[in-house]
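Asks: Sharing a structure, written as C-alpha cells. Questions coming.
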Amino acid sequence: MKQTIYDILKGKFLIADDAMKNWRMLLFLSFLAIIMIASSHNAESKVHEIAKLNNEVKELRTQFVDGRTELMRLKMESSVIERMKKKGLKQPSTPPKKIIVTK
C-alpha cells in the first residue's frame, strides 16, 4: 500500500511501459479543466455585464421620470401664465368662444 502511494507521488505511473493511456487521460482531463475555466469566466463576465446594464436602465428610468415631472410642471397653466407675463402678455378676462363654421 505504501509503495503504491509512493509510486503515484513520484510519478512512476507516467513513465511506466503502459503510461500512454495515463497520458491520454491526463491530457483529456486537462482539456476539460481548461474548457470549464473558460466557460465559468465567460458566464461571470456576462453576469457583470448584466449588472452594469441594469444599473444603466435604473439611471435612464430616473432621468425619464425627472424629465416627465419637469414637463408636467412646465405645462401647468400657472407656469405658462407666469412666463407669458415676462413677455408682456396677460391672461384674458373673458373666456374664449368656440367658433363653428357652417357650409
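Throughout, read-outs are computed from the coordinates displayed, never taken from laboratory work. This structure is a prediction, so every number in the text was calculated from the model and none was measured. With ideal geometry, Cβ positions are generated from the backbone for all residues, glycine too; neighbour counts draw on all protein chains shown.
Asks: As a footprinting exposure proxy, order Ser39, Ser93 by other Cβ within 10 Å, with the fewest listed first.
Replies: Listed from fewest to most nearby Cβ atoms, that is Ser93, Ser39.
Asks: Report the Cα-based extents of the range 9-51 along its three principal axes, largest first, to the nearest Å.
Replies: 53, 18, 6
Asks: Show me, for the range 61-74, the HN-Hα J-couplings you get by feeding each phi into the Karplus relation (A = 6.51, B = -1.76, C = 1.60, θ = phi - 60°), rounded to Hz, glycine and proline as x.
Replies: Values per residue, Gly and Pro as x: 5, 5, 4, 4, 5, 4, x, 5, 5, 5, 4, 4, 5, 6 Hz.
Asks: Can you compute the FRET efficiency between Ile35 and Gln3 using 1/(1 + (r/R0)^6), with r the Cβ-Cβ distance and R0 = 25 Å? Round to the nearest 0.05.
Replies: 0.10
Asks: Okay, moving on. Provide the per-residue ³J(HN,Hα) series for the range 5-11, in order, calculated from phi with Karplus coefficients 6.51, -1.76, 1.60 and θ = phi - 60°, each as a whole number of Hz, with x at glycine and proline positions.
Replies: 5, 5, 5, 5, 5, 6, x
Asks: Now, a different point. Could you give each residue of the range 39-49 its phi-based ³J(HN,Hα) in whole Hz, using Karplus coefficients 6.51, -1.76, 1.60 with θ = phi - 60°, and x for Gly or Pro?
Replies: 5, 5, 5, 5, 5, 5, 5, 5, 5, 5, 5
Asks: Please list, or write none, the lysines whose alpha carbon is within less than 28 Å of the alpha carbon of Lys58, excluding same-chain residues fewer than 8 places away.
Replies: Lys46, Lys75
Asks: So for the range 22-97, taking the charge dipole from beta-carbon charges (+1 Lys/Arg, -1 Asp/Glu), which of Gly88, His48, Ser30 sits furthest toward the positive end?
Replies: With unit charges placed on the Cβ atoms, the residue in question is Gly88.
Asks: How long are the three semi-axes of the equivalent ellipsoid for the range 2-86, computed from the Cα gyration tensor as the root of 5 times each eigenvalue, in whole Å, largest first?
Replies: Gyration-tensor ellipsoid for the range 2-86: 73, 10, 6 Å.
Asks: Here's something else I'd like to know. List the aspartates and glutamates whose Cα sits under 20 Å from the Cα of Lys52, skipping any in the same chain fewer than 8 residues away.
Replies: Lys52 reaches Glu44.
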